[in-house]
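The values are calculated or read from the model by the stated rules, or taken from the named source; none is laboratory data. What you are looking at is a predicted structure, and each value in this text was computed from that prediction instead of being measured. As a convention, Cβ positions derive from the backbone with ideal geometry for all residues, glycine included, and neighbour counts pool all protein chains shown.
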Amino acid sequence: MIALSFFFALYQDLNDQITDRWQNDQSFDIQLLQSVGQLEDHQKVQFIVGSNTADTLLGSVTKKSSGYELAIAVNQAIPTHWQAVASEVAGKNAAGSVMLRATLSSIESRSTSVSLPIVKWVKMKAITNAAIDMAETAVSLAIGLIGVMAFWLGLMQIGYKSGLIEGMNKIVAPLMRRLFPDVPADHPAMSAISLNMAANILGLGNAATPMGIKAMEELQKLNPNKEEATDAMCMFLAINTSSVQLLPPATLIALMGASTNELLIPIIFATLCSSIVAITAGKWFSRKSKKLRVEGVN
């Protein structure tokens, strides 16, 4: 994906240069509506672009070592192309206003021209900046997750060693037998499935993954046809896909903090809906599959 993003960005930037989208080598005629006279620093001037007298713009002329600079506030009715250029290169002045800084060819007469800043490699810069920003975000998020994950994983280990998880397995055993009738109640797959669901319910997606893999490995041992998934494997995958969850995920807690309390009811409602649909679909396809197998034998 990263390679494709850079390829797409390079293509767009090269296309912009070939089609001269940014008009980097062009100047734009303007008419100053007042004589600059004795130039003062940041002197305000009014001007129009070309012969368009409908919109009078306001700028600030400053003398630079290389000539004269015209700072134009972007919140005015500037031409569409100028707005596009400003969206890429405009900066802010001391007052916080967004300014487009153009170069004046001269101030000897009221009829003069301006050259806009050069715009190149817009998409490549955006992709590069996004990659750097997201890398920084990933590191910050990972560090923020350390405490949350350590806390919940520690609780899971305490529950496992204290027998709490085993007690939970006994409580959910009737439900597990209905969901996975082909799996023996004392089989290791049943314990792995229960642990996986418990971790998901507590919002520990990362902790649930190892148990999910272990459950699939144990279910595969019960599979008479190693090339096809069993009904129990399909049901387990459907339930995991539906995201059985009652508490906000640890990642969301790290990002939003106490604000995740507002999402508790929507999370429970969404979990109930998705789980009902997943279990119903799994049971329906299981019965249909068994019926087709029976008809095939007959």
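One line per residue, one yes/no per condition, for (1) modelled with pLDDT under 70; (2) crowded, with 19+ Cβ neighbours inside 10 Å:
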site	(1), (2)
GLU166	no, no
ARG177	no, no
PRO181	no, no
HIS187	no, no
MET190	no, yes
LEU195	no, yes
ASN200	no, yes
ALA207	yes, yes
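Only one residue in GLN46, GLN76 is over 41 Å from the mean Cα position of the chain (by Cα) and surrounded by 11 or more Cβ atoms within 10 Å (Cβ to Cβ). Which one?
Numbers: GLN76 fails: over 41 Å from the mean Cα position of the chain (by Cα).
The match here is GLN46.
Here is a check on your reading of the model: is TRP152 crowded, with 17+ Cβ neighbours inside 10 Å and modelled with pLDDT under 85?
yes
Of all residues in segment 64-105, exactly one satisfies the criterion of being at pLDDT 85 or above and among the basic types (Lys, Arg), namely ARG101.
Kindly establish whether ASP29 is modelled with pLDDT of 85 or more and in a loop (DSSP other than H, G, I, E, B). Step through it out loud before you land on a result.
Numbers: modelled with pLDDT of 85 or more: yes; in a loop (DSSP other than H, G, I, E, B): no.
Considered against the rule, which asks whether it is modelled with pLDDT of 85 or more and in a loop (DSSP other than H, G, I, E, B), ASP29 comes out as no.
Of the helices (runs of 4 or more DSSP H) contained entirely in segment 226-298, those carrying at least 2 residues that are exposed (fewer than 15 other Cβ atoms within 10 Å of the Cβ), modelled with pLDDT of 80 or more and over 25 Å from the mean Cα position of the chain (by Cα) fall at 264-297.
Cβ-Cβ distances below 9 Å connect no pair with a first residue in segment 267-295 that is assigned by TED's automatic domain parsing to the domain that holds PHE180 and closer than 14 Å to ASP182 by Cβ, a second residue that is assigned to a helix (DSSP H, G or I) and among the hydroxyl-bearing types (Ser, Thr, Tyr), and a separation of six or more residues or different chains. Screening segment 79-88 for residues that are closer than 14 Å to VAL114 by Cβ and free of Cβ contacts under 8 Å to residues at least 60 places away in the same chain and picking the one that is surrounded by the most Cβ atoms within 10 Å (Cβ to Cβ) gives ALA86.
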